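The values are calculated or read from the model by the stated rules, or taken from the named source; none is laboratory data. What you are looking at is a predicted structure, and each value in this text was computed from that prediction instead of being measured. Virtual Cβ from ideal backbone geometry, glycine too; neighbours counted across all protein chains shown.
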Amino acid sequence: MEGEESENQGPGPKGASETDTAFWGEGGEAVAPTAEELGGVAEGMESERTAVAPEERKYLAAYVQLQADFENFKKRAAREREEWLKLSNRRLIEELLTIVDHLDLALQSAKPEDEKGRQITQGFGMIVGQFKKLLAEQGLAEVGQVGEPFNPRDHEAVGQSAHPTVPIDHICQIVRRGYRLHDFTLRPASVIVSNGPENIASHGPKEENKSQEEVPS
């Protein structure tokens with residue numbers, strides 16, 4: 001068996017590849033390659049590298065594009081998830097707004113006549129305040145205040161009225177409160193917009209009647 005292995009083994013040390021054995025002599029001794037041999041090997045490697053490079057660049061570009069698309073997808077998914085979490089309870093809060101309106105009307109119409117009635121009204125007002133605080137923690141905020149400029153995104157004009165102090169196109173009265181959930185307007189505030197001070201016709205001083213009756217002499 002050893003003889004067969006020695007016969008089958010080519011020149012060069014044991015385990016050398018075919019390319020390596022090209023630089024070994026018949027007796028297994030290293031032989032320095034000639035310049036022509038080195039030039040041929042270099043040309044072969046250069047042609048192989050040139051042939052593979054365009055293919056590598058194509059796959060590299062595809063990988064970079066895929067990586068960028070994946071990063072954009074992760075960012076978009078994170079934004080959508082954040083928006084979904086913000087507005088997940090939107091429908092429930094919209095239903096609760098009617099209750100909030102009724103509670104506010106009840107407080108406004110309460111007219112306690114004695115100390116006990118005032119205490120009950122005060123306690124009821126505290127409960128309403130706690131309820132509104134809970135909604136505010138969920139991102140609910142009131143929109144529309146007297147004196148603010150009219151904003152069609154958050155306000156709905158239901159009328160106009162003259163006002164001595166509120167400038168033109170500013171809110172002078174709140175008819176129904178509006179609410180915003182985070183950056184989304186759930187319900188615009190119904191408001192009355194000022195058209196400025198009432199225009200009072202200025203008449204000059206009345207001219208004296210020159211045609212006075214003659215006094216008889």
What pairs can you find where one residue is in the stretch 151-172 and part of a strand (DSSP E or B), the other is exposed (fewer than 14 other Cβ atoms within 10 Å of the Cβ) and among the acidic types (Asp, Glu), and their Cβ atoms are less than 9 Å apart, with a gap of 6+ or different chains? none
Pairs please, first residue from the stretch 175-193 and in the same structural domain as Phe150 (by TED's automatic domain parsing), second anywhere and small (Gly, Ala, Ser) and not in a strand (DSSP E or B), Cβ atoms under 8 Å, 6+ apart in sequence or on different chains. Arg177/Gly144; Gly178/Gly144; Leu181/Gly139; His182/Gly139; Pro188/Gly144; Ala189/Gly144; Val191/Gly144
When restricted to His155, His170, the only residue surrounded by 14 or more Cβ atoms within 10 Å (Cβ to Cβ), at pLDDT 90 or above and under 26 Å from Ile93 (Cβ atoms) is His155
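Among the residues of the stretch 127-147, write down those that are closer than 18 Å to His102 by Cα and in a helix (DSSP H, G or I). Working first, answer last.
Going through the stretch 127-147, the residues closer than 18 Å to His102 by Cα turn out to be 127-136, 140-143.
Those that are closer than 18 Å to His102 by Cα and in a helix (DSSP H, G or I): Ile127, Val128, Gly129, Gln130, Phe131, Lys132, Lys133, Leu134, Leu135, Ala136.
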For Asn195, only one of the following conditions fails: (1) surrounded by 15 or more Cβ atoms within 10 Å (Cβ to Cβ); (2) within 34 Å of the chain's Cα centre (by Cα); (3) at pLDDT below 90. What is its number? (2)
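What tally of residues in the stretch 103-126 results from selecting those that are surrounded by 11 or more Cβ atoms within 10 Å (Cβ to Cβ), in a helix (DSSP H, G or I) and of a type outside the set (Lys, Arg)?
Step one: of the stretch 103-126, the residues surrounded by 11 or more Cβ atoms within 10 Å (Cβ to Cβ) are 103-104, 106-107, 110, 112, 117-122, 124-125.
Okay, now just the ones that are also in a helix (DSSP H, G or I), so 103-104, 106-107, 117-122, 124-125.
Among the residues that remain, those that are also of a type outside the set (Lys, Arg) are: 103-104, 106-107, 117, 119-122, 124-125.
Looking only at that region, the number is 11.
Given the structure, is Gly129 modelled with pLDDT of 85 or more, out of contact with any Asp or Glu (no Cβ under 8 Å at 6 or more places or on another chain) and on the phi > 0 side of the Ramachandran plot?
Values: modelled with pLDDT of 85 or more: yes; out of contact with any Asp or Glu (no Cβ under 8 Å at 6 or more places or on another chain): yes; on the phi > 0 side of the Ramachandran plot: no.
For Gly129, the condition - modelled with pLDDT of 85 or more, out of contact with any Asp or Glu (no Cβ under 8 Å at 6 or more places or on another chain) and on the phi > 0 side of the Ramachandran plot - is not met.
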In the stretch 79-102, anything outside any helix (DSSP H, G or I) and surrounded by 12 or more Cβ atoms within 10 Å (Cβ to Cβ) is listed as Asn89
